[in-house]
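The values are calculated or read from the model by the stated rules, or taken from the named source; none is laboratory data. Being a predicted model, the structure only gives us computed values, none of them experimental. In this analysis, Cβ positions are derived from the backbone assuming ideal geometry, glycine residues included, and neighbour counts consider all displayed protein chains.
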Amino acid sequence: MPDPIETVRNFMKNEEINYLLVNSTNRFLVEYCPLEENSRYLLTNFSGSTGDVLVTPDKIFLFVDGRYHIQADLEVNHEKITVVKLQTGENFLDELIKKIPEEETLGVFSKKNSQKRVDYLKEHGVKIKLLDTDPLDKNIEYDNSNIVQVEGVPVEEKVKNIDKTILITNLEEVSYLFNLRDFSRNYSSKIRGKAIIINGRARLSDEIDDFVENYNGEIWVDKSSVNAYDYALIGEKARILKDSPIKLMKSIKTDEELEHYKECFRRTDLAVKAIREYIETHDNLSEFDVAEQLEKEFKKYGAKSLSFKSIVAKDKNSALAHYSKCSKDEIIKDGNLVLIDCGAYYEQGLATDITRVFVKGTPSKLQIKVYTTVLKMFLGAFMQLRSGAAKQLSGFEIDNCTREIYAQNKIDGFVFNHGLGHGIGINVHEYPPNLSKNEMAKVEIKDGMCFTIEPGLYNENHFGVRLENSCYMKDGKIHSFTKMNYEKKLIDFSLLTEQEKEWLKEFEAI
C-alpha cells in the first residue's frame with residue numbers, strides 16, 4: 001500500500017500547491033466518519049472523531065481540541081506529525097491561518113469542506129484552490145438496502161409552508177425530513193442522500209447535478225452544511241439561508257419523540273446498571289471485556305446499534321475524554337476507576353448518550369474528591385436550567401456557570417477542557433443546541449430541545465471523571481432523560497451544600 005504522506009506530497013506537487021488541508025470527514029460532512037473514509041486518519045493514524053490537518057512544505061500539523069490532546073500524542077508518529085493542541089475557546093481555522101504565509105495558496109477539498117469554512121478562510125486573507133479530488137479517497141460502495149421507515153410527522157406536513165426551493169445536504173436533516181433510517185453502519189442511523197424542497201414538496205436524490213443544470217430559479221442553501229463543490233455547482237442561482245428550516249424543525253422534538261426518547265433512556269439506564277453490577281461481581285475483566293458485555297446488554301434491551309463506539313476507560317485512560325481503544329491488556333482490579341461513556345439507537349433511530357464512573361472496590365480520597373466536584377458542577381448547571389429564568393438561558397451561559405462552580409472548587413492538576421454539552425437526536429452530537437464557550441452556544445435552549453450536560457475533570461497522570469445526563473426542556477424547565485443514579489461510595493456528602501443534597505435526591509443517590 002502506498003505511503004499516504006508520499007501520496008499527498010506527490011499530489012501537492014502535481015497541483016502546484018505548498019499547503020493542503022486534509023479533512024476528517026467525507027463528502028456529506030458527517031462528524032463520525034468511518035475510518036476507511038477518513039483521510040486525516042489515513043495520513044496521521046489519529047482516530048478521533050474530529051481534528052483536521054495542515055500539510056506544509058516541511059511539516060504536517062494535526063489540530064485537536066482538549067478532548068483529544070492525550071489521545072493524539074499516543075497515536076501519531078511525532079517524527080512525522082506535529083500535534084497542535086487547541087485550548088478552550090481557540091478556533092481551529094484561526095490557528096491554521098497563522099501557519100500559512102500571505103503569498104501562499106491553500107488547497108481545499110471542495111467536497112469535504114463547507115462553503116461557510118471556505119468563505120471564512122477567504123475573508124481572512126487565505127488564497128484558496130478548490131480541489132475536486134482527494135488522493136487518499138477510496139472507491140467505497142454504499143449499501144442502501146437496509147433503509148427503514150420510522151414514525152414521525154409526514155414529510156408533506158413538514159415542508160408544506162416552505163415557499164423556497166431549498167437544497168438540504170445535511171444527512172441528519174435528510175433522514176429527519178423523510179422519516180428514514182439506516183442501521184447498516186456502526187454508530188449511525190442516518191441515510192445517505194440529498195433533498196430538494198420545491199413548491200411545498202420534497203424529493204430524495206443521491207446527487208443534484210441534473211437538477212441544478214435544468215432548474216432556472218433560485219436555490220437556497222445553508223452554507224454551514226452545503227459543501228463547496230455543491231455550492232460552486234449551483235453558482236449564481238445560490239441564495240443563502242440564515243438557518244436551514246429543517247435544522248431548526250428537527251431540534252424541537254415532538255411530544256411523541258420525547259416519549260419515545262424516555263423509553264430509549266430507560267433501556268439505556270438498564271444496560272448501564274447491568275454493566276456496573278458486572279464490574280463489581282467479576283474479577284480480571286479487561287476494558288475490552290466490559291465493552292463487549294455492554295454491547296450485549298444494549299442488544300438485550302432492544303438496541304439496533306450503538307450510537308458511537310463505547311468508551312470504557314480505566315484510570316489514566318479515563319483522562320482521555322474520547323478514549324476508544326478498550327484494551328484487552330487493561331485489567332480492572334480493586335481500587336481502579338472506570339469511566340463508561342456509551343449510548344445506543346433504538347427503533348426510531350434517535351441516539352442515547354450517558355457517562356458514568358465506577359470504582360471497583362474501595363475508592364481513594366482523590367477519586368471521591370474529584371467525583372464529588374464534578375457532581376457539584378452537574379447539579380449547578382442542571383438547576384440553573386430549572387430556574388424561572390430558564391427560558392432566557394443559552395448554552396453559553398450554562399457553560400459559564402459550570403466553570404464558575406469549578407473555579408470555586410479547584411483541584412490542582414485537574415482541568416475541564418471541553419464544552420459542557422451538546423444536542424442529541426438522529427446524531428449523537430446535534431446542533432442546535434450547544435453548551436460551550438463557542439459562539440454557536442449563544443442560542444436559547446427552547447422547549448423540545450434535547451441535550452447533554454457532561455462536566456468533566458481530567459489529569460493525565462491520574463484519571464478523569466465525567467458525569468453525563470441527557471436532558472430535555474419542557475414547559476420552560478429542564479428534565480433528565482437519564483435516571484441512572486450516582487455512586488454513593490464516590491460522593492463526599494460533606495462537600496455538598498444542603499441545597500445540593502436536596503437537588504441530588506432527584507437522582508436517587510440518597
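Quick notes on this one:
- Number of the condition not met by GLY361 [criteria: (1) in a loop (DSSP other than H, G, I, E, B); (2) over 17 Å from PHE414 (Cα atoms); (3) within 20 Å of the chain's Cα centre (by Cα)]: (3)
- Checking each residue in segment 161-178 for being in a loop (DSSP other than H, G, I, E, B) and of a type in the set (Ser, Thr, Tyr) picks out THR165, THR169.
- The one condition from (1) free of Cβ contacts under 8 Å to residues at least 12 places away in the same chain; (2) buried (at least 16 other Cβ atoms within 10 Å of the Cβ) that MET440 does not meet is (2).
- Every test in (1) modelled with pLDDT under 95; (2) assigned by TED's automatic domain parsing to the domain that holds ASN427; (3) of a type in the set (Asp, Glu) is passed by GLU259 save one, and that test is (1).
- Residue within segment 340-353 that is outside the structural domain of PHE183 (by TED's automatic domain parsing) and farther than 30 Å from ARG181 by Cα present: no
- Any hit, segment 371-382, residues being polar (S, T, N, Q) and in a helix (DSSP H, G or I): yes
- Residue under evaluation GLU347, criteria (1) outside any loop (DSSP other than H, G, I, E, B); (2) under 23 Å from GLU31 (Cα atoms), criterion not met: (1)
- Any hit, segment 189-202, residues being farther than 24 Å from ALA238 by Cβ and touching a residue at least 60 places away in the same chain (Cβ under 8 Å): yes
- Of all residues making up segment 149-163, the number that are touching a residue at least 60 places away in the same chain (Cβ under 8 Å) and surrounded by 14 or more Cβ atoms within 10 Å (Cβ to Cβ): 5
- For segment 4-45, taking the residues that are modelled with pLDDT of 95 or more and charged (D, E, K, R), the one that is nearest to the chain's Cα centre (by Cα) is identified as ARG40.
- Given (1) without any contact (Cβ under 8 Å) to a residue 60 or more places away in the chain; (2) in a helix (DSSP H, G or I); (3) buried (at least 17 other Cβ atoms within 10 Å of the Cβ), index of the condition LEU504 fails: (1)
- Hits in segment 114-150 (condition: assigned to a loop (DSSP other than H, G, I, E, B), modelled with pLDDT of 95 or more and under 27 Å from ARG203 (Cβ atoms)): ASP132, VAL150
- Residue in segment 225-248 that is modelled with pLDDT of 95 or more, of a type in the set (Val, Ile, Thr) and surrounded by fewer than 17 Cβ atoms within 10 Å (Cβ to Cβ) present: yes
- Residues of segment 367-395 satisfying the condition of being at pLDDT below 90 and of a type in the set (A, V, I, L, M): LEU385, ALA389, ALA390, LEU393
- Across segment 326-359, the qualifying residues are those that are of a type in the set (Gly, Ala, Ser) and surrounded by fewer than 21 Cβ atoms within 10 Å (Cβ to Cβ), and the one among them that is nearest to GLY152 (Cα to Cα) is SER327.
- Residues of segment 305-344 satisfying the condition of being free of Cβ contacts under 8 Å to residues at least 60 places away in the same chain, part of a loop (DSSP other than H, G, I, E, B) and either farther than 20 Å from ARG185 by Cα or in contact with a strand residue (DSSP E or B) (Cβ under 8 Å, 6 or more places away or on another chain) (or both): SER310, CYS326, SER327, LYS328, ASP329, GLU330, LYS333, ASP334, GLY335, ASN336
- Residues being in a loop (DSSP other than H, G, I, E, B) and small (Gly, Ala, Ser) - total across segment 179-214: 5
- Residue that is farthest from VAL221 (Cα to Cα), among those in segment 147-183 that are within 24 Å of the chain's Cα centre (by Cα) and of a type in the set (S, T, N, Q): ASN179
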